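The values are calculated or read from the model by the stated rules, or taken from the named source; none is laboratory data. What you are looking at is a predicted structure, and each value in this text was computed from that prediction instead of being measured. Note that we place each Cβ from the backbone using ideal geometry, even for glycine, and neighbour counts take in every protein chain shown. Surface accessibility is based on the protein's heavy atoms, side chains included, excluding ligands, DNA and RNA. Shrake-Rupley method; radii C 1.70, N 1.55, O 1.52, S 1.80 Å.
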Amino acid sequence: MSDKAVEDLTEAEAKAELTMLAQRLAAADLAYHRDDTPEITDAEYDALKSRNAQIEQIFPHLKRSDSPSEAVGARPADGFAKVVHAQRMMSLANAFDDKDVADFVEGIRKFLGLGNEQTLDFTAEPKIDGLSLSLRYENGVLVQAATRGDGETGENVTANARTIADIPQKLSNAPTVLEVRGEVYMDHADFEALNAAQTAKGGKTFANPRNAAAGSLRQLDAEITRSRPLHFFAYAWGDLSEPLADTQLGAIGKLNALGFQTNPLTRLCDGAVALSDHHRMIEQMRATLGYDIDGVVYKVNDLSFQSRLGLRSTTPRWAIAHKFAAELAWTWLDSIEIQVGRTGALSPVARLRPVTVGGVVVSNATLHNEDYIAGLDSKGEPIREGRDIREGDWVQVYRAGDVIPKIADVDLTKRSETSVPYVFPESCPECGSAAIREPGDSVRRCSGGLICPAQAVEKLKHFVSRAAFDIEGLGSKQVEQFYKDGWIKEPRDIFELNARYSSGLKQLKNLEGWGEKSAEKLFAAIEDKRSIPFGSFLFGLGIRHMGEVTSNLIASHFGTVDVLVDVLERASTDPSAMEDLLSIDGVGQVMAEALVAAFQQDSAERASIDRLRHVITIQPAEARVGTDSPVSGKIVVFTGTLETMTRAEAKARAEALGAKVSGSVSSKTDILVAGPGAGSKATKAQSLGVQILDEAGWRALIGD
Ligand code: IVH
């Protein structure tokens, strides 16, 4: 590392140093993660990282595509054991303005079928900006503390949690099993003091209290956590042997009585107006609270309503986070760069003169697409009163929550007279293929498919990512290197790596950053994933529009890849195959078409999938939910008027029991639930011999 102050570096020196830092940090990562033999101390590692970040801040345009600052996951994370949560840790849907709040309340009233005269109460409480933690108590004793992780699996941080004063080790009069969930945070004063102490001893400082809290909790040495002043607010629960109360407010009161800190700004509100009022009140107090909050969370108070409303895949229907307005800052837009993604989308990125927005230094922002730059929305209507965005402009940047920074506006009075409108490229900057914009699509896409190196590399990165094949030791950086060296061009190549280069161990060893031990570890990690769950395989293919949750739903719907392929091959000619696909929750026409296109016979993409299938084993998927439910896996259609619940509630309940709810009757339908006024669907079901139940019969069947 050079001794020169970052401000004094020439551009050439900065570039050379970034290259050197990327290499040294990559080598250090490998030594630490794969070889378990760290070559440098944590402090040295942090110093290299911080130097890299400082240079990138001043020379944002020199930031490398394999920049170490983009590396995901804090270093110590690998050291924690994994914990599978007994109940998934959910996230929250967001509301950004009063209208979203009114829609949320109205949607719930409709779902529950409440009449005008019926009241519906909500709790409203600050949304703490920390990290969530689940504490498991058995017989009143704290037995486990786990971070949220991906919601299903978190990290076991029990030893660390035991050092936090707000977390009781023992409870009296608690349910036999009690999982308390809440937020670990650091208050402002402690955060300032910690950063000052870190600076004094030349240690790492934190960008904001949330990072400080996360970094302090996720320490392999619990004694370090003990030295950090962390706090905990309880606001929810997971597994329970008996109910805490009938209402949200009552349950929170119970947690408080058991010895947990609960937020004193929690209020009961009787509708959208009261909720928004409380939001405004908390927003006004925000700066005086002494800890960071980023919104107000609303929850339906009646717990029997909560259970009727149930959960979507990652968020409950009965709660929402009403965020505060985004924080804003002005800065120069130095240049516009085009990045090519996995599906060929050309994404414009603004390279900004670094600026602090809400406590975080921002040097890049998304510009969405060419219309957005030109000052138009997706319908061709003007945004920013039609002002376009140009290189060299003075622009307003905002961050809303955790999302990528965006450009809100541009100040035309500061625009140079020589500036010219930005011309969006019509060919791919990576492979030169035509970049085409389909009618009705806001995005321009590279038509090069797998011949485009950017698309190929992004697809490979996605393939090895955590929710897909999750190959340990093969991260974005390694994929880029292997692609560049011609070792891996498509997913199949990963599994041929060892065999094709049986002398490969030696070759890999000679590659910079790899030792014999790390190469062996990599081949073992690849072998480990040669047999893969169907859902992870499907997600790994990186098909447009297909997320992790939907991939798993599709996998459990069809069970095996052969069944899926058969349906996809028939889908363009056989309407019942298409209907089968569309009956899956979350699969719409656009996604179904993308899936069919990816598996189209004779296409390059299909050929690549088939080559992959030859070298791996795809494990059949298990049925989604409790196979003991009498309607699990059944296709159910609701028709006519339902009397004891709304259509939305009936659908959600059936799906929670593993049934598939379809809109139309076909020979595949298992059950038709017909209320009064059922018409042609009932007639059709009868002629097809489908089981027909009235609402009471349905409720009896599902044990309601
Ligand atoms: S309730 C089932 N209440 O926000 C609902 N979450 O965006 C579980 N959070 O992962 C969450 N303050 O880490 C709830 N008062 C609050 C919260 C809160 C902060 C966090 C929590 C959650 C995230 C969702």
**OP:** At q = 0.15, 0.23 Å⁻¹, work out log10 I(q)/I(0) for region 164-282 with the Debye formula, treating every Cα as an identical point scatterer and leaving solvent out; two decimals please.
**Re:** -0.83, -1.24
Subject >> In range of the label at A696: residues from region 654-687 whose backbone nitrogen is under 15 Å from the point 7 Å along Cα→Cβ >> reply: 674-676
Original post:
Solvent-accessible area per residue for the chain at a 1.4 Å probe radius, Å²?
Top reply: 47 Å²
Subject >> Rounded accessible area of E192 (nearest 10 Å², 1.4 Å probe) >> reply: 120 Å²
**OP:** Can you tell me the relative contact order of the chain? Whole percent, Cα pairs under 8 Å, sequence separation 6 or more.
**Re:** 10 percent
Subject >> Beta bridges by DSSP in the chain, antiparallel share as percent, to the nearest 5 >> reply: 80 percent
**OP:** Enumerate the residues in region 200-227 having an amide nitrogen under 20 Å from the point lying 7 Å beyond the Cα of D166 toward its Cβ.
**Re:** 206-219, 222-227
Original post:
Relative to the present Cα-Cα distance, how much length would full extension add between A274 and D3 at 0.36 nm per residue of separation?
Top reply: 91.8 nm
Subject >> Diffusion constant of region 141-188 at 10 °C, which comes from Stokes-Einstein with the Kirkwood Cα-pair radius and 1.306 mPa s, µm²/s >> reply: 131 µm²/s
**OP:** Would you please give the FRET efficiency between Q198 and D485, computed as 1/(1 + (r/R0)^6) with r the Cβ-Cβ distance and R0 = 30 Å, to the nearest 0.05?
**Re:** 0.15
Original post:
Just by accessible area at a 1.4 angstrom probe, what is the order of V177, V157, V141 from largest to smallest?
Top reply: V141, V177, V157
Original post:
Which value, in Å² and to the nearest 10, is the accessible area of W318 when all protein chains are kept and the probe is 1.4 Å?
Top reply: 50 Å²
Subject >> Cysteines (scope the chain) whose Cβ has no counterpart Cys Cβ under 4.7 Å >> reply: C269
**OP:** Please list D585, D580 in order of solvent-accessible area, largest first, computed with a 1.4 Å probe with all protein chains present.
**Re:** D585, D580
Subject >> Label point distance in nm, S307-R286, each placed 7 Å from Cα along Cα→Cβ >> reply: 3.7 nm
**OP:** Return the distance in nm (one decimal) between the two label points of a simple spin-label model at D150 and T573, each offset 7 Å from Cα along Cα→Cβ.
**Re:** 3.8 nm
**OP:** Would you please give the FRET efficiency between L688 and Q87, computed as 1/(1 + (r/R0)^6) with r the Cβ-Cβ distance and R0 = 35 Å, to the nearest 0.05?
**Re:** 0.35
**OP:** Grab the Cα-Cα distance for A47 and A499, subtract it from 0.36 nm times how many residues apart they are, and report the gain in nm with one decimal.
**Re:** 158.8 nm
Original post:
When only the heavy atoms of the protein chains count and the probe is 1.4 Å, how do E643, E655 rank by accessible area, highest first?
Top reply: E643, E655
Original post:
According to the Cα gyration tensor, what semi-axes, each the square root of 5 times an eigenvalue, does the equivalent ellipsoid of the chain have, listed from largest to smallest in whole Å?
Top reply: 41, 35, 29
Original post:
In the structure displayed, which of K4/K484; K63/K489; K477/K529 lie more than 22 Å apart, Cα to Cα?
Top reply: K4/K484; K63/K489
Subject >> Amide H within-cut-off set for R312, under 5 Å, with H built and near neighbours excluded >> reply: R317
Subject >> Relative contact order for region 564-704, counting Cα pairs under 8 Å that sit 6 or more residues apart, in percent >> reply: 19 percent
Original post:
Got a number for the accessible area of W394? Probe 1.4 Å, square angstrom, nearest 10.
Top reply: 50 Å²
Original post:
In nm, what is the difference between 0.36 nm times the number of residues separating H368 and D585 and their Cα-Cα distance?
Top reply: 75.3 nm
Original post:
Taking all protein chains as present, what is the carbon and sulfur share of the accessible area of region 287-377, in % to the nearest whole number, probe 1.4 Å?
Top reply: 52 percent
